[in-house]
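A short worksheet on the structure shown next.
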Amino acid sequence: MKFAIALAALLGVGSAPALAGGLYTNVESNASYTGSDFTTRTTDVHLGYEGDLGTESFDYYVQGGPAFVADDGVDGTTQFSGKLGANVAASEKLDFYGEISLLTADGDVDNSYGTKIGAKYKF
């Protein structure tokens with residue numbers, strides 16, 4: 001049910017005529033290790049939308065979909081994951097970016113949230 005709601009929201013954003021951009025898919029797999037010991041792998045299969053609000057200095061994206069989570073020694077689960085991010089061009093050579101992410105959980109376990117912020121300088 002969570003996936004259906006998120007997909008409908010993404011498609012609603014993608015159909016907004018005032019926004020310039022497009023739909024995309026993104027498949028990403030992230031594994032975690034402690035030393036050489038595998039602990040977990042999460043594979044996201046996202047549908048997303050990216051745009052620029054009519055300006056070259058501000059780009060954004062929103063994406064979401066199922067996340068297949070495989071912890072070491074435990075049956076895998078399917079959750080919902082999503083990301084919202086933006087990139088701001090401060091100059092021709094300097095960009096600032098940020099991202100907020102979400103991974104749902106079942107039962108008594110709390111949802112996981114993440115943030116990313118950074119700068120990229122082009123030589």
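The values are calculated or read from the model by the stated rules, or taken from the named source; none is laboratory data. Treat the numbers as computed from the prediction; the structure is a model and nothing was measured. Cβ coordinates were reconstructed from backbone atoms using ideal geometry, including for glycine residues, and neighbour counts include every protein chain displayed.
In the range 60-90, what count of residues is obtained for those that are closer than 23 Å to Gly21 by Cβ and more than 16 Å from the chain's Cα centre (by Cα)?
3
For the range 15-27, state whether one or more residues are surrounded by fewer than 16 Cβ atoms within 10 Å (Cβ to Cβ), modelled with pLDDT of 95 or more and either among the polar types (S, T, N, Q) or not in a strand (DSSP E or B) (or both).
Yes, that holds for at least one residue.
Can you tell me which condition Leu94 does not meet? The list is (1) in contact with a Lys or Arg (Cβ under 8 Å, 6 or more places away or on another chain); (2) more than 19 Å from Ser29 (Cα to Cα); (3) surrounded by 14 or more Cβ atoms within 10 Å (Cβ to Cβ); (4) not β-branched (Val, Ile, Thr), and all the others hold.
Failing condition for Leu94: (3).
Within the range 28-47, which residues are surrounded by 12 or more Cβ atoms within 10 Å (Cβ to Cβ) and among the charged types (D, E, K, R)?
Answer for the range 28-47, where residues must be surrounded by 12 or more Cβ atoms within 10 Å (Cβ to Cβ) and among the charged types (D, E, K, R): Glu28, Arg41, Asp44.
Counting only residues that are surrounded by 18 or more Cβ atoms within 10 Å (Cβ to Cβ) and not charged (D, E, K, R), which one in the range 48-59 is farthest from the chain's Cα centre (by Cα)?
Per the stated criteria, the residue is Gly51.
Only one residue in Val69, Val88, Val62 is modelled with pLDDT of 95 or more, of a type in the set (A, V, I, L, M) and touching a helix residue (DSSP H, G or I) at 6+ places or on another chain (Cβ under 9 Å), so which one is that?
The conditions single out Val62.
Pick out the one residue from Lys122, Lys116 that is over 25 Å from Thr25 (Cβ atoms), of a type in the set (D, E, K, R) and surrounded by fewer than 16 Cβ atoms within 10 Å (Cβ to Cβ).
Just a single option satisfies the conditions, and that option is Lys122.
Return the pair list, or none, for Cβ contacts closer than 8 Å from residues in the range 100-122 that are under 18 Å from Pro66 (Cβ atoms) to residues that are basic (Lys, Arg) and surrounded by 10 or more Cβ atoms within 10 Å (Cβ to Cβ), at least 6 apart or on different chains.
Final answer for the pair search is Ser101/Lys83; Ser101/Lys116; Leu102/Lys83; Thr104/Lys2.
Could you check how many residues of the range 70-122 are of a type in the set (Asp, Glu) and touching a strand residue (DSSP E or B) at 6+ places or on another chain (Cβ under 8 Å)?
Here is the first cut: in the range 70-122, the residues of a type in the set (Asp, Glu) are 71-72, 75, 92, 95, 99, 106, 108, 110.
Imposing the further condition that a residue be touching a strand residue (DSSP E or B) at 6+ places or on another chain (Cβ under 8 Å) reduces the set to 71-72, 95, 99, 106.
Qualifying residue count for the region: 5.
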